[in-house]
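Notes to accompany the following structure.
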Amino acid sequence: MSAPAIPPDDVAASLRAGRDLGPDYDDAIAASLAERLEQTIDERVRHHLADVAAQQPAAPQRKSNTEAWKSPRLIMGIIAMGVLIPLSAIAGAIVGPAGILMSWIGVVVIYVIAVVGIHRA
């Protein structure tokens with residue numbers, strides 16, 4: 001789609017009118033010509049933006065807050081923390097620091113496997 005342009009005849013007519021009317025009307029003629037140029041430029045920019053918008057794919061929509069709570073990572077993180085706290089206490093009381101470390105490693109491995117497995121499916 002071609003944007004409208006100011007015909008060269010209009011520019012020539014403005015220049016002739018400026019010569020015929022004299023220097024008292026130069027400002028008014030220049031303002032009129034500038035306004036028409038501005039309208040033409042605005043119209044061209046609108047056409048260009050419409051063409052660019054038509055060529056670009058639609059932006060993906062962001063998840064709402066209610067959908068963010070359904071994220072598998074968040075759910076698995078909450079479950080992992082819920083299991084890890086009592087598991088750490090039990091392992092720390094029975095085995096000591098090595099038990100705490102082993103329980104943390106085990107829960108992290110299960111979390112990673114679950115989240116990676118969910119995203120592959």
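The values are calculated or read from the model by the stated rules, or taken from the named source; none is laboratory data. This one's a predicted model, so the numbers in the text were calculated from it and none came from an experiment. Quick reminder, even Gly has a Cβ in these numbers, built from the backbone with ideal geometry, and neighbours come from all protein chains shown. Heads up: the accessible areas ignore ligands, DNA and RNA and are worked out on the full protein's heavy atoms, side chains in. Shrake-Rupley method; radii C 1.70, N 1.55, O 1.52, S 1.80 Å.
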Quick one: how many Å² of VAL112 are accessible to a 1.4 Å probe, rounded to 10? 70 Å²
Label VAL116 and ALA34 with points 7 Å out from Cα along Cα→Cβ: what is the distance between them in nm? 6.6 nm
Using the per-residue mean of other Cβ atoms lying within 10 Å as a proxy for protection, in what order, highest first, do the peptides 29-39, 100-110 fall? 100-110, 29-39
Between the modelled labels at LEU15 and ILE75 (7 Å from Cα along Cα→Cβ) the distance in nm is 7.4 nm
